[in-house]
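Here is the structure we will look at, set down as structure tokens.
The values are calculated or read from the model by the stated rules, or taken from the named source; none is laboratory data. As the structure is a computational prediction, the values presented were derived from the model and not from experiment. When we count neighbours, we look across all protein chains shown, and the Cβ atoms used for this are built from the backbone with ideal geometry, even at glycine. Note: accessible area is taken over every heavy atom of the protein model, side chains too, but ligands, DNA and RNA are not part of it. Shrake-Rupley method; radii C 1.70, N 1.55, O 1.52, S 1.80 Å.
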Amino acid sequence: QVQLVESGGGLVQAGGSLRLSCAASGSIFSFNTMGWYRQAPGKQRELVAASTSGGSTNYADSVKGRFTISRDNAKNTVFLQMNSLKPEDTAVYYCKLNMVLRDYWGQGTQVTVSS
């Protein structure tokens, strides 16, 4: 059974920083993709950033230059460093693990950016 546990959300002022963490446990294959998605009220869930076990990364245009995704493969953990946060970054952030053509999701962590 695969579980994802996120942490690091909270309330921050515009221009501030937060670091999210997501630890995966269970039967994790070496080849996988881990990423972060977010969903704001009334909006669809969208990709923020993703990272493959091989080291490739991709980012949503809206966060390029501000957010950085990284991972510790030995610990099956992915991080999202968020800098220069804006009120429009406010959302529930979800961690996703994709392996063997199946997606696993975390429970989500709230990020609120005040203006």
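Things to note:
- Residues of segment 67-115 that turn out to be over 14 Å from W36 (Cα atoms) and of a type in the set (K, R), as a count: 3
- Going through (1) open to solvent by less than 20 Å² (accessible area, probe 1.4 Å); (2) of a type in the set (G, A, S); (3) within 10 Å of the chain's Cα centre (by Cα) one by one, S70 falls short only on (1).
- Some residue of segment 77-97 being touching a residue at least 12 places away in the same chain (Cβ under 8 Å) and more than 21 Å from V111 (Cα to Cα): no
- Residues located in segment 72-115, provided they are small (G, A, S) and under 13 Å from R19 (Cα atoms): S84
- Condition check for R38: touching a residue at least 60 places away in the same chain (Cβ under 8 Å), out of contact with any Gly (no Cβ under 7 Å at 6 or more places or on another chain) and of a type in the set (K, R): yes
- All positions within segment 41-87 that are outside any strand (DSSP E or B), of a type in the set (A, V, I, L, M, F, W, C) and out of contact with any helix residue (DSSP H, G or I) (no Cβ under 8 Å at 6 or more places or on another chain): A60, A74, L85
- The condition (being among the aliphatic types (A, V, I, L, M), open to solvent by less than 30 Å² (accessible area, probe 1.4 Å), at pLDDT 95 or above and over 20 Å from S115 (Cα atoms)) is satisfied by just one residue among L85, L4, L47: L4.
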